[in-house]
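Trainee: Mind having a look at this structure? Questions to follow.
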Amino acid sequence: MRLNCRDTASAAGSWSRSTGTRLPPLLGRDTELTALSALLAEAAGGRARVAFVEGEAGIGKSRLLAEVVAHANGAGFTVLAGCAHEFERDRPFGPIIEALGLSRNSTDPQATAGSLLLVGNGAGADVPAYAQFPELRFRLLEVVLDLVERLAMSGPVLLAIEDLHWADPSTLLVIDHLARRLGDLPVAVLATLRPSPGSSALEHLIENLVPRHARRLFLDPLDEPAVSGLVAEIVGAVPGPGLIALVRSAAGNPFFIAELRRY
């Protein structure tokens with residue numbers, strides 16, 4: 001089951017607001033969850049941290065992210081969640097705008113100012129301000145950094161971004177600057193991505209940040225005990241040999257396993 005950004009931001013551990021149903025349990029990800037929980041603890045202690053969770057579609061990146069967000073909520077983090085979208089890859093700062101609520105209608109003057117840098121005053125303008133004045137990219141970057149820094153002065157912050165493989169270059173720039181310039185603040189950035197479609201800019205970002213206390217985690221297919229546990233949770237009973245044989249065709253992919261229950 002895929003979470004949307006609202007689910008990620010408000011995750012309470014196992015409940016999906018978008019569908020009104022319980023999410024499947026998180027199985028077979030103890031190592032990754034331990035690593036990300038440790039990363040949150042380091043961030044809460046005043047050391048900015050970044051983690052990239054990579055895996056094929058349906059492998060459970062969103063489910064793992066929801067669990068980490070639930071931990072962050074319980075630990076007093078302010079959670080900011082945004083998604084990159086396939087058909088908005090040219091939208092500057094897309095996931096960041098969503099996460100920070102940059103809007104002309106925002107009650108935060110700084111967020112409103114950031115929105116105006118992107119779209120102008122909106123009085124019939126045909127061309128966004130960002131397109132007319134590319135240098136505004138760096139002014140908006142400063143607005144974003146200031147907003148996150150201000151939040152972090154009051155408590156730890158988690159910026160969660162889904163589908164980073166579709167993010168625009170400006171979003172990657174924000175992540176890079178958060179890691180390098182807010183290193184002594186309680187800020188964690190957690191992003192999910194697929195191995196394809198890849199981009200040289202994203203790969204360059206990851207390669208630059210990993211030596212600076214960033215983590216790159218690869219999600220493998222679930223092992224057989226985790227598959228059996230997931231199937232048991234889905235069907236509400238211990239799966240028999242026939243059902244286990246059937247779900248083997250899903251190759252340990254939680255999404256495909258869940259879909260097989262339809263047949």
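Trainee: Can you tell me how many residues in segment 58-114 are assigned to a loop (DSSP other than H, G, I, E, B), modelled with pLDDT of 85 or more and more than 17 Å from ARG150 (Cβ to Cβ)?
Mentor: Total meeting the criteria: 7.
Trainee: Another one. THR31 versus (1) modelled with pLDDT of 90 or more; (2) within 12 Å of LEU158 (Cα to Cα); (3) among the hydroxyl-bearing types (Ser, Thr, Tyr): which is the lone unmet condition?
Mentor: (2)
Trainee: Let me ask another. Being surrounded by fewer than 24 Cβ atoms within 10 Å (Cβ to Cβ) and more than 14 Å from ALA41 (Cα to Cα) is the filter here, so list the residues in segment 66-77 that pass it.
Mentor: GLU67
Trainee: Restricting to helices (runs of 4 or more DSSP H) lying wholly in segment 181-263: which have 1 or more residues that are modelled with pLDDT of 75 or more?
Mentor: Ranges flagged: 200-209, 224-235.
Trainee: Filter segment 153-165 for residues that are assigned to a helix (DSSP H, G or I) and surrounded by fewer than 22 Cβ atoms within 10 Å (Cβ to Cβ) and give the result.
Mentor: HIS165
Trainee: Criterion first (under 16 Å from ASP90 (Cα atoms) and modelled with pLDDT of 95 or more) does ASP163 satisfy it?
Mentor: yes
Trainee: Something else about it: Within segment 78-91, how many residues turn out to be surrounded by fewer than 21 Cβ atoms within 10 Å (Cβ to Cβ), more than 14 Å from PRO197 (Cβ to Cβ) and either without any contact (Cβ under 8 Å) to a residue 40 or more places away in the chain or in contact with a Leu (Cβ under 7 Å, 6 or more places away or on another chain) (or both)?
Mentor: Qualifying residue count for the region: 1.
Trainee: Now, a different point. Would you be able to tell me the number of residues in segment 195-228 that are closer than 27 Å to PHE255 by Cβ and buried (at least 17 other Cβ atoms within 10 Å of the Cβ)?
Mentor: 13
Trainee: Restricting attention to segment 188-206, which residues are hydroxyl-bearing (Ser, Thr, Tyr) and touching a residue at least 12 places away in the same chain (Cβ under 8 Å)?
Mentor: THR192, SER196, SER199
The values are calculated or read from the model by the stated rules, or taken from the named source; none is laboratory data. Bear in mind that the values here come from a model prediction, so they are computed numbers and not experimental data. Using ideal geometry, Cβ is built from the backbone for each residue, glycine included, and neighbour counts are taken over all protein chains shown.
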